[in-house]
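*Asks:* Please read through the structure below; I'll follow up with questions.
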Amino acid sequence: MFLDDEQAAQVIQKLDDLWPEPRECPACGKRDWTLANQIFELSGFDPGGVIHGVPVFPVIALTCNHCGKAHFFSAITMGLVPREPTEEKDAGAKADHHDKQ
């Protein structure tokens, strides 16, 4: 999911509220960050391959422009993703699963 301008402004405001200045990179000490314009997913890792059916954790990424260190912030806490899945998406997933059986 990509962030629109309003959502990006919401994230920046939330970061301003939660992360006091100076926002120095813990790796290199610089203060030059870029907010990714997309929500990413973190999921469990299995060395044998992809794990299907496990929950994912939606995050936004803030990356240091000097060294590339990335910080992840919960897209749920930032108010971009609902805490619980919506019934509509759950129903659609169940219908898709049922159709494949």
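*Asks:* Look at segment 45-72 and say how many of its residues are more than 19 Å from G29 (Cα to Cα), of a type in the set (A, V, I, L, M, F, W, C) and modelled with pLDDT of 95 or more.
*Replies:* Counting residues in segment 45-72 that are more than 19 Å from G29 (Cα to Cα), of a type in the set (A, V, I, L, M, F, W, C) and modelled with pLDDT of 95 or more gives 2.
*Asks:* Would you mind stating whether E6 is without any contact (Cβ under 8 Å) to a residue 24 or more places away in the chain, exposed (fewer than 14 other Cβ atoms within 10 Å of the Cβ) and within 10 Å of the chain's Cα centre (by Cα)?
*Replies:* no
*Asks:* Quick check, is E21 of a type in the set (D, E), at pLDDT below 90 and loosely packed, with under 10 Cβ neighbours inside 10 Å?
*Replies:* The answer is yes for E21.
*Asks:* Across segment 38-66, what is the total count of residues that are loosely packed, with under 14 Cβ neighbours inside 10 Å and either touching a residue at least 24 places away in the same chain (Cβ under 8 Å) or touching a Cys at 6+ places or on another chain (Cβ under 8 Å) (or both)?
*Replies:* 3
*Asks:* Can you list residue pairs whose Cβ atoms sit under 6 Å apart, with the first residue in segment 11-24 being among the basic types (K, R) and the second being surrounded by 12 or more Cβ atoms within 10 Å (Cβ to Cβ)? Count only pairs 6 or more apart in sequence or on different chains.
*Replies:* That search, which allows pairs on different chains as well, returns K14/M78; R23/R31.
The values are calculated or read from the model by the stated rules, or taken from the named source; none is laboratory data. As the structure is a prediction and not an experimental result, all values here were calculated from the model. For neighbour counting, all protein chains shown are included, and Cβ atoms are generated from backbone atoms with ideal geometry for every residue, glycine included.
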